[in-house]
1. Look at the range 53-71 and say how many of its residues are within 22 Å of GLU121 (Cα to Cα) and either of a type in the set (Asp, Glu) or assigned to a loop (DSSP other than H, G, I, E, B) (or both).
2. Report yes if some residue within the range 175-183 is open to solvent by 30 Å² or more (accessible area, probe 1.4 Å), under 26 Å from GLU258 (Cα atoms), in a strand (DSSP E or B) and in contact with an Asp or Glu (Cβ under 7 Å, 6 or more places away or on another chain); otherwise report no.
3. May I ask you to list the residues in the range 210-237 that are open to solvent by 60 Å² or more (accessible area, probe 1.4 Å) and either without any contact (Cβ under 8 Å) to a residue 24 or more places away in the chain or in a loop (DSSP other than H, G, I, E, B) (or both)?
4. Kindly list the number of the only condition in (1) modelled with pLDDT of 85 or more; (2) surrounded by 17 or more Cβ atoms within 10 Å (Cβ to Cβ); (3) out of contact with any His (no Cβ under 9 Å at 6 or more places or on another chain) that fails for ASN130.
5. Identify, please: which residue in the range 263-273 is open to solvent by 60 Å² or more (accessible area, probe 1.4 Å) and under 20 Å from the mean Cα position of the chain (by Cα) and is, among those, modelled with the highest pLDDT?
6. Does ALA192 satisfy the condition of being touching a Ser or Thr at 6+ places or on another chain (Cβ under 9 Å) and surrounded by 15 or more Cβ atoms within 10 Å (Cβ to Cβ)?
7. What's the total number of residues in the range 238-247 that are hydrophobic (A, V, I, L, M, F, W, C) and open to solvent by 50 Å² or more (accessible area, probe 1.4 Å)?
8. Would you mention how many residues in the range 12-32 are open to solvent by 60 Å² or more (accessible area, probe 1.4 Å) and either part of a strand (DSSP E or B) or among the β-branched types (Val, Ile, Thr) (or both)?
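The values are calculated or read from the model by the stated rules, or taken from the named source; none is laboratory data. These numbers were taken from a predicted model, which means no experiment stands behind them. So basically every Cβ, Gly included, is an ideal-geometry build from the backbone, and we count neighbours across all protein chains shown. Ligands, DNA and RNA are excluded from the accessible area calculation, which covers all protein heavy atoms including side chains. Shrake-Rupley method; radii C 1.70, N 1.55, O 1.52, S 1.80 Å.
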Amino acid sequence: MLPKGRDYSQHMGEWSGKVGLEYTFSDDILTYANVSRGVKSGGFTTYNSGLPEQLDPFKFEELIAYETGIKSSFFDRKLQLNASAYYYDYRDQQLQGVLYTQTGRVGRMINVPKSHIQGAELELRWRPLNNLTITQSVGYKYGEYDEFFFVNATATEAAKDPVTGEYNTIVYSDRAGERLPFPKWDYKGSVAYDWQIGGWGVEVESNYAYRDEKFSTSSNSIIASYWLVNANLTLRPANANYAVGLYVNNLTDSYSEESRNRFISASTGSPNPPRTWGVRVSYRY
């Protein structure tokens, strides 16, 4: 039963759209610029804590996105190069935050009144040989809170009573200008080579990804950067609709975490799977 005297209504009707321009310099070079508005639905945090404050709804998230870029190809389209830059202007950005009571803390979704993200991406696809394909992608992004007054988790933890473990002082601070909790850099790439052996097509491929470190607001900790490397071998009979493959994910068997969370009496993490191998069969129809 919901506590009396609190408003749990939630507005869900919003609009989205996009307008843009394109200009073609030649058959191989195109530039573009666009502005779009998007929304993410609001909702309710669903943790089973029994705290009335946690049932308060969080608002819908509004984004005005500005983006410009170029798409190009060279050397008879053996080399494709795309680049883009963007600026995201947020209102009520949704964030995994924390809720403190005297006896503990739990995670809950919150809204940041104003924030922004800016960044750029560069993508490359290259076929130096007819059988060899190389892809590369690198992205950089940085964001800040422009208007945000919220719990200072570090100061609140420091003020906890060492004897009773109670949070007697919940410390709030102006966090405008603070960096948003996501990785600055990410990098992805792949190398694939295919050839014919008798009546079979053979492809070997490796793909890899790097993610920079990021801050977890809920657990008040830094999640380390990581590399992930995968490998695949695929066999395709000539004039057939099926293929058989072997794959290995997380080839180096490295430990890495995607996210962390903290509840009243427990901390959780979401690690990437360890080294995993298997057989894959696909059929095209």
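1. Number of matching residues: 1.
2. Yes, some residue in the range 175-183 is open to solvent by 30 Å² or more (accessible area, probe 1.4 Å), under 26 Å from GLU258 (Cα atoms), in a strand (DSSP E or B) and in contact with an Asp or Glu (Cβ under 7 Å, 6 or more places away or on another chain).
3. Residues satisfying the conditions are GLU213, ILE222, ALA224.
4. (2)
5. Ranking the candidates gives PRO273 first.
6. yes
7. Number of matching residues: 3.
8. Total meeting the criteria: 7.
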